[in-house]
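Read through the structure below, which is laid out as structure tokens, and then see the notes.
Read-outs: derived from the displayed coordinates by stated rules, not from any lab. Bear in mind the structure is a predicted one, so any value in this text is a computation, not a measurement. Quick reminder, even Gly has a Cβ in these numbers, built from the backbone with ideal geometry, and neighbours come from all protein chains shown.
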Amino acid sequence: MSEYQKFCYWVDTDDLKKVKEYIEQKGEELDDEARIPCRVLRSSRDIGYLGPPAWDGFCKRRTSWYRKSDKRGKFLVVSNTSLGHLDIGNPIIIKASKFKPNHLPSYEEILRLIKSEKYQSLKPDVWEKVDPLDKEFYKRWFERHQPKELFDFDKIFAHHSANHANFIDPQFLINTDGIKAPYSIADSIHVCSSCIEFFNIVGKQWPIKYVVPCIGAVQFAHLPIDQYFEVRVQGGNGDNKNED
């Protein structure tokens, strides 16, 4: 994964058409990911895109942050190579990183993160409406990787929430290149919907972030468990040039 790199562009329909025409000129097709957003992060997929319906697919509750964000209604193009020549805006660049945090929060600190007024005001209404199938998914993965620890979904979900909170109202940051950068505050087993941070749906105000793939991204995007990735915005806020 040392060479892993993705260029991510939030685009409107006009710019998506530019990308499709470019791919067609190469004699290829632009792959549409319809149900699981993180699958566009597979290193084996040279280029693909997400339309708005993808966020209502398999991870609908977990990716509900998209529907409450300024990205709602936009398309996301994810490529192994830069598409800068198409003039479709500034990319979010995701790279494998050697970063490891010196400190991960205690459970008491996790609970304080969740109390953040900014986090509470931004979280989607459905975020906390977890159905039994969701809980079973996490139970299965937890028992596979943490066999000596009892499964406690409430504690795991607190970590899920606190992780998003640390990109909204960070309490745990590092200085990198003279810039403050928040990071995922737990391992992959305790992180949910990392695509929200990978794609700047949450935390777009930070030029650099360090993100651990959630267990879904480990399963569906084949990203390495517990590895941090650098998420860096090139030349702006990583959004389409036409956004207000």
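For the range 1-63 versus the range 215-237, the spacing of their alpha-carbon centroids is 15 Å. To the nearest ten degrees, helix 153-168 and the longest principal axis of the Cα atoms of the chain are 50 degrees apart.
What shape does the range 2-68 take by its C-alpha gyration tensor, where a ≥ b ≥ c are the square roots of the eigenvalues and a/c under 1.5 counts as rounded, a/b above b/c as prolate, and the rest as oblate?
Values: a/c = 2.05, a/b = 1.37, b/c = 1.49.
Verdict is oblate for the range 2-68.
The angle between the Cα long axis of helix 13-25 and the longest principal axis of the Cα atoms of the chain comes to about 70 degrees, rounded to the nearest 10.
Between the helical axis of 132-145 and the longest alpha-carbon principal axis of the chain there is an angle of about 80 degrees. How would the range 26-146 be classified by its alpha-carbon gyration tensor: rounded, prolate or oblate, with rounded meaning a/c under 1.5 and the a/b versus b/c comparison settling the rest? Verdict is prolate for the range 26-146. Think of it as helices only: each DSSP H run of n ≥ 4 in the chain is worth -39500 (n - 2.57), and spread over all residues that comes to -8000 deg cm²/dmol at 222 nm. In this Cβ point-charge picture (+1 for Lys and Arg, -1 for Asp and Glu), the chain has a dipole of about 360 debye about its Cα centre. Take the Cα radius of gyration of the chain and divide it by 2.2 N^0.38 Å, N being the number of residues; the result is 0.98. Sort the range 42-104 into rounded, prolate or oblate with this rule: let a ≥ b ≥ c be the square roots of the eigenvalues of the Cα gyration tensor; rounded if a/c is under 1.5, and if a/c is not under 1.5, prolate when a/b is larger than b/c, oblate otherwise. Oblate is the answer for the range 42-104, as a/c is 1.5 or above yet b/c matches or exceeds a/b. Under the criterion of Cα pairs below 8 Å and six or more residues apart, the relative contact order for the range 96-244 equals 23 percent.
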